[in-house]
1. So what's the Cα pair-distance distribution over the stretch 2-162, bin width 5 Å, in %?
2. Over the chain, what is the mean sequence separation of C-alpha contacts under 8 Å (at least six apart), divided by residue count, expressed as relative contact order in percent?
3. Compute the projected area of the convex hull of the Cα atoms of the stretch 68-173, averaged over all viewing directions, and report it in nm² to one decimal place.
4. How high is the FRET efficiency from residue 115 to residue 35, r the C-beta distance, R0 30 Å, rounded to 0.05?
5. Could you check the spin-label model distance between residue 162 and residue 43? Points 7 Å from the Cα along Cα→Cβ, value in nm.
6. Alpha carbon centre of the stretch 1-64 versus the stretch 70-111: separation in Å?
7. Fewest Cβ neighbours within 10 Å first, please rank 43, 35, 132, 51 accordingly.
8. Can you show me the helix-derived [θ] at 222 nm for the chain, built from DSSP H runs with n ≥ 4 at -39,500 (n - 2.57) apiece and divided by the number of residues, rounded to the nearest 500.
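The numbers here are math on the coordinates, done by the rules we state, and not lab data. Nothing here was measured: the structure is a model prediction, and the numbers come from that model. Every residue, glycine as well, gets a Cβ built from its backbone with ideal geometry; the counts of neighbours run over all protein chains shown.
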């Protein structure tokens, strides 16, 4: 009789602790996946920035769609190349003139006007920002993992740099 009551106590204790344990486990997994997605997006952004900084994008006369596809090729298996991905590339004559807008509008949605494509010329200051709207998988974790009004998580990757003097007429910046 005593062994049966011990098993019953263990079952009750597990029933009380299990939901919290599994929720914590799901939170760790989902947060890790979001971190990995952000790392992948930053890797793709850094590669695309290097392509612009060295003048290869300008030399190949890449279109905005082709540039976006370069980023899509690097985020491949982790993130989807769909409407959730937004690429904003802007160039400025110097650091003093560089400005940027908030990626979220007043309503907490992604600012749809952030889709510029200006690779710039030699010695221009360039700002590359890539945004990905991540859908939270676990509904109970949504209040803790969202940073947008739509209940989603905005992953952002950024690269700011000065283009190299990649033309023969420019000797240094």
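1. Values per bin, smallest distances first: 1, 8, 15, 16, 15, 12, 8, 6, 5, 3, 3, 2, 2, 1, 1, 0, 0.
2. Numbers: 230 pairs, mean separation 42.7, N = 173.
Here the relative contact order equals 25 percent.
3. Details: hull surface 33.1 nm².
The Cα convex hull of the stretch 68-173, projected and averaged over all directions, gives 8.3 nm².
4. Values: r = 26 Å, r/R0 = 0.86.
After rounding, the FRET efficiency stands at 0.70.
5. Between residue 162 and residue 43, the simple spin-label model gives 3.1 nm.
6. 22
7. Values: 43 15, 35 11, 132 27, 51 20.
By the 10 Å Cβ count, ascending, the order reads 35, 43, 51, 132.
8. On the way: 4 runs with 72 residues, N = 173.
Calculated mean residue ellipticity at 222 nm is -14000 deg cm²/dmol.
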